[in-house]
1. Near the amide H of Ile102, under 5 Å away, which other amide H atoms are found, from residues 5 or more places off or on another chain, if H is placed in the peptide plane?
2. Report the residue, chosen from Gly159, Gly139, Gly16, that carries the largest GNM mean-square fluctuation when the chain is represented by alpha-carbon nodes joined by springs under 10 Å.
3. Report ³J(HN,Hα) in whole Hz for each residue of region 136-145, in order, from the Karplus equation J = 6.51 cos²θ - 1.76 cosθ + 1.60 where θ = phi - 60°; Gly and Pro get x.
4. Report the relative contact order of the chain, percent, no decimals, based on alpha-carbon pairs under 8 angstrom and at least 6 residues apart.
5. Can you check what the Kirkwood hydrodynamic radius comes to for region 105-172, Cα pairs only, in Å to one decimal?
6. Between Gly77, Gly40, Gly85, find the one with the highest GNM mean-square fluctuation for the chain; connect C-alpha pairs within less than 10 Å.
7. Only bridges whose two residues both fall in the chain count here: according to DSSP, what percent of them are antiparallel, nearest 5?
8. Using alpha carbons only, how many angstrom separate the centre of region 135-172 from the centre of region 71-98?
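Read-outs throughout are calculated quantities, based only on the coordinates presented, and are distinct from any laboratory measurement. Predicted, not measured: the structure shown is a model, and the values here were computed from it. A quick note on method: Cβ atoms are made from the backbone with ideal geometry, for glycine too, and the neighbour counts reach across all protein chains shown.
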Amino acid sequence: VVASTAVEARDLERMGLAVAPVAVVPNGVDAEGDDEPSSGEDAVSALERDRPLVVYLGRISWKKGIDQLLAAVAALGGVRLAIAGTDEEGLEARLRRRASEIGVAERTSFLGEVRGRAKRQLLARAAVFVLPSLSENFGLAVLEAMAAGVPVVVTRGVGLASEIAASRCGVV
């Protein structure tokens, strides 16, 4: 059985699903990403450059903690937030309302899916990448941000959290 993080391996064992030896083999990223189709260029280009950019990249899902990220952006004040990802659970409208309620709607952009060259452009503009997930077996987008040289902030629920803490290459 192959797990992408030690957290995932422990979860398999705890649930009794480690029916064979478990090997931890972390995911990797292609920092260039030249073969990946591109989407989202217009949305990324339209982002205002008036404030430091906080980037979230991933599915828009209840478990990703985006509501908490909106609250953090409200507390920070001087930043712009870009949320890039597909809305498979239909939560974007609710998150937009929440952004409006707490006064960050004008500083929050929902970009939709961003891939390929547009994703690299988005990460190049980021002041910080944040993944506030409640549960994430790995966190590939975190690895992509780190490969692009972007500082990262993650929660303890992200599978890479212990590696990030141990290497001091981000904040947990």
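1. Correct list: empty.
2. Looking only at Gly159, Gly139, Gly16, the largest GNM fluctuation is found for Gly16.
3. Computed from phi, the couplings for region 136-145 are 8, 5, 9, x, 4, 4, 5, 4, 5, 5 Hz.
4. 25 percent
5. 12.6 Å
6. In the Gaussian network model the winner is Gly77.
7. For the chain, the DSSP antiparallel bridge percentage is about 5.
8. When both Cα centres are located, 20 Å separates them.
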